[in-house]
Amino acid sequence: MTTEISIPRHRIHEAPLTAAERQARRRAKLRQQTGRPCAAPAPRLPPRPRRWAAAVAALIALQDEYRAWLDTLPANLEGSRLAEKLLAIAELDLEELQMIDPPRGYG
């Protein structure tokens, strides 16, 4: 027959630590190991419909800038490749993009 002898564990403190004290100790230990705090989580992206609307608005604003550039183009550049590219951008119908109602998700 074998008898098991239970040896009491050596306590570090007189009284057991509370959960908050254990967590504080763990955080301090992690800070010592890494030397810097944990990185913050990445910010959440806005929903796709909102991103779509922002992208279309940005395109329309850029198109307005290109139209203004085309309107103030000097006479000696009117038949140039620059003028052709500006005209191609100015003639794009971006209003159709505004009319698109993207899906909002499942269901």
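The values are calculated or read from the model by the stated rules, or taken from the named source; none is laboratory data. It should be emphasised that the depicted structure is a prediction, and the values quoted were computed from it without experimental measurement. Quick reminder, even Gly has a Cβ in these numbers, built from the backbone with ideal geometry, and neighbours come from all protein chains shown. These accessible areas exclude ligands, DNA and RNA; they are computed on the full protein's heavy atoms, side chains included. Shrake-Rupley method; radii C 1.70, N 1.55, O 1.52, S 1.80 Å.
In the condition set (1) of a type in the set (Val, Ile, Thr); (2) assigned to a loop (DSSP other than H, G, I, E, B); (3) at pLDDT 90 or above, Ile89 is compliant with all but (2).
When the range 52-91 is filtered for residues that are open to solvent by less than 100 Å² (accessible area, probe 1.4 Å) and basic (Lys, Arg), only Arg67 remains. For the range 96-107, the candidate set comprises residues that are part of a helix (DSSP H, G or I) and free of Cβ contacts under 8 Å to residues at least 24 places away in the same chain; within that set, the residue that is surrounded by the most Cβ atoms within 10 Å (Cβ to Cβ) is Glu96.
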